[in-house]
Amino acid sequence: MSNEIEIGRGKRGRRAYSFDDVAVVPSRRTRDPEDVSVGWQIDAYHFEVPIMAAPMDSVMSPATAVALGRLGGLGVLDLEGLWTRYEDPQPLLDEIAGLDPEAATARMQEIYAAPIKAELIRARLKEIRDAGVTVAGSLSPQRTQEFSADVVAAGVDLFIIRGTTVSAEHVSSNAEPLNLKRFIYELDVPVIVGGASTYTAALHLMRTGAAGVLVGFGGGAAHTTRTSLGIHAPMATAVADVAAARRDYLDESGGRYVHVIADGGVGRSGDLVKAIAVGADAVMVGAALARAEEAPGRGWHWGSEAHHPQLPRGERVRVGSAGTLEEILFGPGRQADGTLNLVGALRRAMATTGYSDLKEFQRVEVVVSPYQPF
């Protein structure tokens, strides 16, 4: 049955849903939350919680990546951020936190104009590795060929290629595009790549040999992609579409499972629950962790789109501080707004609906139930 609607006589559009538009339905069975497993594994790496930190300077420093790793998650460092441009970025992080809103974008463009230093990439990743946690770093597709050798030499465990959108068929008349399939084949470490927001785009990325696909397109709290480019991918539909691509690729490849990671729109615990429910194996979160007291942004949040030199598609936004990193993940909660105890909320939702692990929970019944807060 088609869910297209008529926009006008010359154009039809498919109806799509965000996490706010859907809800999880209880089943006939319930469980004790302590009997629920929220562990997640990709390639050889197991994590106690299905949470990856977005590679954003407001969220992840080497120290917070280590702290998140020790709490059972995966911290991903932005290898094009301040930590790989400056020996000591702390004064600049403090300056960004204190900028006047009207001057923030222009000043951030100046700050991020400093060159990326390969030696700092190696040093920052070594700092994380020396702490004994899983090491993950992220580059954009445009920078991957330039710095990937340094990333691998530094001993990265998981390599993330992350952009607003990443395709397996990028076309350029100005430069030789990154050949994802060849690059991933020649690399010695698992690669997670994205974003993708459609079935076809995700299926093509899976065929490159990626271990995981990030689902999303400029849907985070600090993005203005819909305003500046007119492009938007409602996340519940996008994750469900990519989960369908994962299922079909599993059959096509003879059993190769590619992990689906929701990247965007997961700001609170209910969003995490619904991301898993519609098919995600894990989530990549930014704003939710930017609220941690340890976060480098000091209550402010921004991504790489906020300082793009030609067309900024994001902004620095105030998210405040909700609690420590441990409290955000495991509580105890002190407000009923979904900002604290993300993992506890996921456990309770799974227990309430009768599911014992994440793979099972992907089969939970979901209804379309648009939420209109007053």
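Please treat every number below as a calculation from the coordinates, not as lab data. Just so it is clear, the structure is predicted and the values come from calculations on it, not from any experiment. Cβ: placed from backbone, ideal geometry, glycine included. Neighbour counts: every protein chain shown.
Remarks
- Extension gain, E102 to T200, is 31.3 nm, computed as 0.36 nm per intervening residue step minus the present C-alpha separation.
- Taking 0.36 nm per residue of sequence separation and removing the Cα-Cα distance, the R70/V368 pair yields an extension gain of 103.6 nm.
- Pairs of lysine residues in segment 22-368 that meet both criteria, 8 or more places apart or on different chains and Cα atoms under 30 Å apart, total 5.
- Dipole-positive endmost among V285, L71, V25 within the chain (Cβ charges, Cα centre): V25
- Share of pairwise Cα-Cα distances greater than 19 Å in segment 232-374 is 59 percent (whole percent).
- With the helix formula -39500 (n - 2.57) applied to DSSP H stretches of n ≥ 4, the chain reaches a computed 222 nm mean residue ellipticity of -9500 deg cm²/dmol.
- In range of the label at A153: residues from segment 175-208 whose backbone nitrogen is under 16 Å from the point 7 Å along Cα→Cβ: 188
- In plain terms, the chain from R14 to I231 could stretch by 76.7 nm, reckoned as 0.36 nm per residue minus the Cα-Cα distance.
- Label-reachable residues, segment 104-124, where backbone N falls under 11 Å from a point 7 Å from T224's Cα toward its Cβ: 104-106
- Antiparallel DSSP beta bridges within the chain, as percent of all bridges there, nearest 5: 30
- Dimensionless Rg over Rh [segment 301-365; C-alpha; Kirkwood]: 1.18
- The GluC sites (Glu not before Pro) of segment 311-374 meeting both criteria, a DSSP state outside H, G, I, E and B (loop) and at most 12 other C-beta atoms within 10 angstrom of the site's C-beta, are E365.
- About the Cα centre, charge dipole magnitude for the chain (Lys/Arg +1, Asp/Glu -1 at Cβ), debye: 980
- Inter-part distance where segment 24-75 and segment 334-349 are each reduced to a Cα centre, Å: 13
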